[in-house]
Amino acid sequence: MEVSELLARIEQGYHRDNSVEGLLKDLNLLLLDLKDHELPISREEFEARAILFYILKQLHRLLLIKREFILNHSS
């Protein structure tokens, strides 16, 4: 649920002039929160969580690139 809410915020907040600082903060908080969850029990749960974590890390990279672009190209 938390991930889907974050994705909705990224969808709404990711636009040309947004430095995405707030989105990065939200994503970092979500990643910290996910680390506190119980460890997966089954292999399937482990694999699903690994894929989710990979997607979130890729989103983090995307937001960092976006922030860097805005900071370097803003007037």
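To keep it simple, each residue is scored yes or no on (1) under 14 Å from the mean Cα position of the chain (by Cα); (2) surrounded by 13 or more Cβ atoms within 10 Å (Cβ to Cβ).
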| position | (1), (2) |
| --- | --- |
| 1 | yes, no |
| 14 | yes, yes |
| 20 | yes, yes |
| 27 | yes, yes |
| 44 | no, no |
| 53 | yes, yes |
| 59 | yes, yes |
| 65 | yes, no |
| 70 | no, yes |
Considering each of 53, 69 in turn, give the residue that is at negative phi, hydrophobic (A, V, I, L, M, F, W, C) and touching a residue at least 12 places away in the same chain (Cβ under 8 Å).
53
Can you tell me which residue in the range 41-75 is nearest to residue 2 (Cα to Cα), limited to those that are outside any helix (DSSP H, G or I) and among the small types (Gly, Ala, Ser)?
42
Which residues, taken from the range 8-40, are assigned to a helix (DSSP H, G or I), hydrophobic (A, V, I, L, M, F, W, C) and in contact with a helix residue (DSSP H, G or I) (Cβ under 8 Å, 6 or more places away or on another chain)?
10, 23, 24, 27, 30, 31, 34
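Every number here is computed from the coordinates shown, using simple stated rules; none is lab data. Note that the coordinates shown come from a computational prediction; the quantities given were computed from them, not determined experimentally. In this analysis, Cβ positions are derived from the backbone assuming ideal geometry, glycine residues included, and neighbour counts consider all displayed protein chains.
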